[in-house]
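The values are calculated or read from the model by the stated rules, or taken from the named source; none is laboratory data. Only a predicted model underlies this, so the values are computations on that prediction, with no experimental measurement involved. Cβ: placed from backbone, ideal geometry, glycine included. Neighbour counts: every protein chain shown. Accessible surface is based on the protein model in full, side chains and every heavy atom, while ligands, DNA and RNA are left aside. Shrake-Rupley method; radii C 1.70, N 1.55, O 1.52, S 1.80 Å.
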Amino acid sequence: MLALSLLLLLEATAPAPESRDVLLRRQVAQVALAQLKQQDAAWHPDQRDCAGLIRFAFRTAYKRIAPERLATPLWLDARGKPSDFADAETLLHHSLVFLGRDEATRDAVRTGDVLAFRQEQDAGPDFHLMLVVRPEDRAHAPARVVYHPGEKGAAVRTGLLHNLADEAPREWRPVPTNGAFLGFFRFKEWMP
């Protein structure tokens, strides 16, 4: 009887297994950060841009943690149909959910969330996405952004999220006064 009581007590106090959400977010971060050192050969060179980094990191994370989810594509195309490919604008409008643009939202973003910008160009609007990587232990490390600048052959880059608000060129600052900053977004499937 004592052994059974001890076993029940140990099971009750043992840490709960990590949720699929936590594991997926951690994998997205690991995949994105690994691209800083060397871009993975599995990430097709023709898809190496800001949206491509997000698609690659998510798809790779799902392959490792929840491969059954990949029975259908993760993203939605411009018509709202499942697709393996979606550019930055299409991801924003069909596969991601707007969280906000203010400082409180910036402080609450989690790994796997996305910053979005829209720059007006002569050829039309240009959308740019950055992936948030926030350490689980927020007290010891600040949130980062990881992104591909979009130019063919360019390296993946990173920076501190809080530094963008003050140190980035004005058009890349994630602050409400920047009209090019669209806000913070989250993958629809990760919404509560």
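Odds and ends about this structure:
- Residue pairs meeting the criteria (Cβ under 6 Å; at least 6 apart or on separate chains; first within 15 Å of GLN38 (Cα to Cα), in the range 148-167; second surrounded by 15 or more Cβ atoms within 10 Å (Cβ to Cβ) and of a type in the set (A, V, I, L, M, F, W, C)): HIS148/CYS50; HIS148/LEU53; HIS148/VAL156; THR158/VAL146
- Filtered by the rule that a residue be out of contact with any strand residue (DSSP E or B) (no Cβ under 9 Å at 6 or more places or on another chain) and either farther than 17 Å from ASP113 by Cβ or hydrophobic (A, V, I, L, M, F, W, C) (or both), the range 177-192 gives a lone residue, THR177.
- Test for ALA88: is it more than 20 Å from GLY183 (Cβ to Cβ) and touching a residue at least 24 places away in the same chain (Cβ under 8 Å): no
- Scanning the range 91-102 for residues that are in contact (Cβ under 8 Å) with a residue 24 or more places away in the chain and open to solvent by 20 Å² or more (accessible area, probe 1.4 Å) yields VAL97, PHE98, LEU99, ARG101, ASP102.
Residue by residue, here is whether (1) closer than 19 Å to LEU92 by Cβ; (2) open to solvent by less than 10 Å² (accessible area, probe 1.4 Å) holds:
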position	(1), (2)
ALA116	yes, yes
GLU136	no, no
PRO149	yes, no
ASP166	no, no
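- Residue match in the range 55-62 (condition: among the β-branched types (Val, Ile, Thr) and either part of a helix (DSSP H, G or I) or under 20 Å from GLY150 (Cα atoms) (or both)): yes
- When restricted to residues that are closer than 21 Å to ASP113 by Cβ and open to solvent by 70 Å² or more (accessible area, probe 1.4 Å), the range 30-83 contains 3.
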